[in-house]
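Heads up: the structure comes next, in structure tokens.
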Amino acid sequence: MAASKEKSIKADANDGAYLGTRVTLRYCNMRKSAPKPMPPGISDKRARLLLVNASKWMNGSTLTYAFFKSPAKLTAPEAQKDAVRAAFAEWKALGIGLNFTEVSSVANAQIRIAFDPADGSASYIGTDNLSIHTNEPTMNFGWDLTTPYGHTTALHEIGHAIGFPHEHQNPKGGIVWDEPAVYASLAAPPNNWTHETTFHNIIEKITPDSVQGSAWDPNSVMHYEFEPGLILKPAKYKKGLTPKGGLSARDKKWVRTFYPPLPSGSAAKISLFQSHALNLKAHQQADFQFVAPSTRSYTFRTFGTADTVLAVTKKPAKKGAATEVLAHDDDGGHERNAEVNVKLKKGDRVNVQVRMRYVEKSGEAAVMVF
Ligand SMILES: [Zn+2]
């Protein structure tokens, strides 16, 4: 795909020295997520589901992004920024419930985009972006985005930013690596990766359900292109694996699992002291509106044995601003419920969002404000 792709150099068996395959593509270096330790004793199924949706945004969120204007080494010509804008628009055009808005100041953006060629292409995963200092980029592009490979790179990094990991690390794919070849070739230019970086981005298998669906999608935009000599099995990929490029059919389906189109009309109202059943399966979300009848502090709480994320948010005050999160709690993996307290003035209108992370049977949870 990349114009500069060179022929692989085969190992020379007679010479004794291992030359290995030479990777000529530069790869995304996914930023490490904060560890999400699971409490001991929880079931495998529960742990797996919790991992899948660990860093997903609330559906309906407006995410803001901005490009660095200085220092010069973090900036790029307009054509590169347009390629990123087009990639955001392409994800949005799938009809997903997330919104993306460009803002002018990186300090006000949740996704802060730089173009440092020395740093390669990279992004943090989903809501992990929120833990990065606002001075720092959360996404970097290290090569030309106006080529087909660059277009796929832009879609790929945004895929990380909305919570998706690497598809080639899906254990369902059963990729058996020629590990010495992978480590040796990635340690060389143009990637110059450490052993640890290569392990983190390629060799390490991700918990099955934390990658895209149950089966493996070698055409996913979250899958690297591999040159010959890196994959031992499946045998047909010994000569290399080239995803089709762009968003695959399953990427489109899977992203709508987490971020389905928003229902038309306004969300159901939630009233004081009334319990609302949550008929949700894992990954699904329910939205309610609450209008404060008087000025005081309100408690919003989920009930039942489910693992939920609960957020109380306000619509962006003006067009182009991020969703304002007034309070947020996540009881994933814990034997307690999500609960937040929010001080509201009489007449304040807020959104109450509950995302189901894990539940044995739908209908075993409820939400209440009191
Ligand atoms: Zn990546």
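As a rough footprinting exposure proxy, the listed residues W143, W91 were ranked by other beta carbons within 10 Å of their own, and the order from fewest upward is W143, W91.
Explain nothing, just the number: relative contact order of the stretch 44-258, from Cα pairs under 8 Å at least 6 residues apart, as a whole percent.
On the way: 379 pairs, mean separation 44.0, N = 215.
Once divided by the residue count of the stretch 44-258, the mean separation gives 20 percent.
For the chain, the longest principal axis of the C-alpha atoms and the axis of helix 249-258 are separated by about 30°.
With the charge dipole of the chain set up from +1 on Lys and Arg Cβ and -1 on Asp and Glu Cβ about the Cα centre, the Cα lying farthest toward the positive end among the listed residues P148, F273, G332 is that of F273. Rounded to the nearest 10 degrees, the inclination of helix 78-92 to the longest alpha-carbon principal axis of the chain is 60 degrees.
Run the helix sum for the chain: -39,500 (n - 2.57) per DSSP H stretch of 4+ residues, divided by residue count, reported at 222 nm to the nearest 500 deg cm²/dmol.
Numbers: 6 runs with 61 residues, N = 370.
Rounded to the nearest 500, it is -5000 deg cm²/dmol.
Within the listed set G304, G120, G41, the Gaussian network model of the chain (springs between alpha-carbon atoms below 10 Å) gives the highest mean-square fluctuation for G41.
Relative to the Cα centre, the charge distribution of the chain, modelled as +1 at Lys and Arg Cβ and -1 at Asp and Glu Cβ, gives a dipole magnitude of about 1100 debye. Among K239, K56, K81, the largest mean-square fluctuation in a Gaussian network model of the chain (Cα springs under 10 Å) belongs to K239. The label-point distance for Q289 and A235, in a model that sets each label 7 Å from Cα toward Cβ, rounds to 6.3 nm.
Ordered by the number of other Cβ atoms lying within 10 Å of each residue's own Cβ, fewest first, D287, D307, D329 fall into the sequence D329, D287, D307. State which entries of K56/K252; K36/K318; K81/K205; K315/K343; K92/K314; K45/K281 exceed 24 angstrom in Cα-Cα distance in the structure shown. Cα-Cα > 24 Å for K36/K318; K81/K205; rest within. Can you give me the angle between helix 148-161 and the longest principal axis of the chain, using Cα atoms only, in degrees from 0 to 90, rounded to the nearest 10? Taking the Cα atoms of the chain, the angle to 148-161 is about 40 degrees.
Approximating the spin labels as points 7 Å out from Cα along Cα→Cβ, the K172-to-N341 distance works out to 4.4 nm. Using a simple spin-label model with pseudo-atoms 7 Å out from Cα toward Cβ, A107 and H334 lie 3.3 nm apart. Between L94 and K281, how high is the FRET efficiency from 1/(1 + (r/R0)^6) when r is the Cβ-Cβ distance and R₀ = 22 Å? Nearest 0.05. It comes to 0.55. Here the chain carries DSSP beta bridges of which approximately 75% are antiparallel, counting only pairs with both residues inside.
What ranking of F258, F68 emerges when the number of other C-beta atoms within 10 Å of each C-beta is taken as an exposure proxy, fewest first?
Sorted ascending by nearby Cβ count, the order is F68, F258.
Rounded to the nearest 5, what is the percent of antiparallel bridges among the DSSP beta bridges in the stretch 44-258? Before the final figure, lay out the partial values.
On the way: 5 of 14 bridges.
Of the beta bridges lying entirely in the stretch 44-258, close to 35 percent run antiparallel.
No value in this document is a laboratory result; all are computed from the given coordinates. These figures come from a predicted structure and were not determined experimentally. All Cβ positions, even for glycine, are placed from backbone atoms using ideal geometry, and neighbour counts span all protein chains on display.
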